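Structure first, commentary second.
Derivation of every value follows stated rules applied to the coordinates shown; laboratory data play no part. All of these numbers come straight from a predicted model, not from anything done at the bench. Using ideal geometry, Cβ is built from the backbone for each residue, glycine included, and neighbour counts are taken over all protein chains shown.
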Amino acid sequence: MIARRLLIFVAIPMFVCLSAGADESRQTKQALNVQVPVHLDYLLALPKDYESQEKWPLLLFLHGAGERGHDLNQVLKHGPPKLVSEGRDLPFIVVSPQCPPNVWWEPIELTALLDDVIAKHKVDTDRIYVTGLSMGGFGTWRLAAHTPERFAAIAPICGGGEPYWARRYGKLPTWVFHGAKDQAVPLARSEQMVEAMKKAGNEPKFTVYPEAEHDSWTETYNNPEFYDWLLSHRRINAAAGEQK
């Protein structure tokens, strides 16, 4: 597993539109286009036989709030990076960024990270998957709402989002996980998202662990079926509603 640091500048167009007023001569329409720095430390794990294939699926893992900071060893506590550190060879390029202290996952930053990894490595852009736990589950929902057309499937664990995002997901394959006894993030947060997706025409999978509290991720990430399910999906052609 390789520790990497991303520091790039992302252009963000910002426009100000002013309605016609009584005295138009006192104010004019302006536009701002600036570049802002993106700094993310992350772990990169390539499959052991990376050179044997032209393209590989990519799995983006978003950790929870407790792993924020500037020590990448914290990211090894849970999920795919933990499995890789223990010797498990996952059939993905695994990208595990670390969220800085006191902030949440930002889609613009994660998009910049994906762009950078894709430019440098052999990524199958029709097989990019996102998963995360707790704060990372929230980040998974949010990132998928930001660029739903980019992903082949998502798997938010004990997270939540805004139900109105469901319209943006379209038919994006989704597998949601939560513990029935979760006191940190109530089960209702996932239930709301699943119900909203169903109303929007999606058919998400939903696994509730009856005895699990907040940790609904260990059983999920230890289950080979989880990875098989991800790999069974390719990016959907949004216009046709079919997998590419």
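Helix 107-120 and the long axis of the chain differ in direction by around 70°, with both axes built from C-alpha atoms. Tell me, what is the percent relative contact order of the chain, built from C-alpha pairs under 8 Å that lie six or more residues apart? The normalised contact order for the chain reaches 16 percent. A helix-only calculation puts the chain at -7000 deg cm²/dmol for mean residue ellipticity at 222 nm, using -39500 (n - 2.57) for each DSSP H run of at least four residues, averaged over all residues. Normalised by 2.2 N^0.38 Å, where N is the number of residues, the alpha-carbon radius of gyration of the stretch 113-193 equals 1.14. Mind checking the log10 I(q)/I(0) for the stretch 102-150 at q = 0.14, 0.17 Å⁻¹? Debye, one equal scatterer per Cα, no solvent, two decimals. Debye curve over Cα of the stretch 102-150, log10 I(q)/I(0) at q = 0.14, 0.17 Å⁻¹: -0.35, -0.52. For the pair the stretch 148-172 / the stretch 180-194, the C-alpha centres are spaced 16 Å from each other. Lysine pairs in the chain whose alpha-carbon atoms fall under 15 angstrom of each other, counting only those eight or more residues apart or on distinct chains, come to 7.
Look at the alpha carbon pairs under 8 Å that are at least 6 residues apart: their mean separation over the length of the stretch 106-244 gives a relative contact order of 24 percent. Sorting CYS99, CYS158 by the number of Cβ atoms found within 10 Å of their own Cβ, with the fewest placed first, yields CYS99, CYS158.
Spatial offset of the stretch 83-147 relative to the stretch 196-222 amounts to 19 Å, using the alpha carbon center of each. Both numbers refer to the Cα atoms of the stretch 55-169; Rg and Dmax are 13.4, 40 Å.
Seen against the Cα atoms of the chain and their longest principal axis, helix 187-199 is set at about 70 degrees. Normalised by residue number, the volume inside the convex hull of the Cα atoms of the stretch 193-233 is 84 Å³ per residue.
Put in order of Cβ neighbour count within 10 Å, fewest first, the listed residues ILE154, ILE93, ILE118 become ILE118, ILE93, ILE154.
The rule of thumb for compact globular proteins, 2.2 N^0.38 Å, goes into the C-alpha radius of gyration of the stretch 129-244 0.98 times.
Computed packing ranks the peptides 109-116, 180-187 as 109-116, 180-187, most packed first, by mean other Cβ atoms within 10 Å. Applying Stokes-Einstein at 20 °C and 1.002 mPa s to the Kirkwood radius of the chain, computed over alpha-carbon pairs, gives a translational diffusion coefficient of 113 µm² s⁻¹. Whole-percent P(r), the stretch 160-208, all Cα pairs, 10 Å bins from 0: 29, 55, 16, 0. Cβ crowding within 10 Å, taken as a proxy for footprinting-reagent exposure, orders THR131, THR125 from fewest neighbours to most as THR125, THR131.
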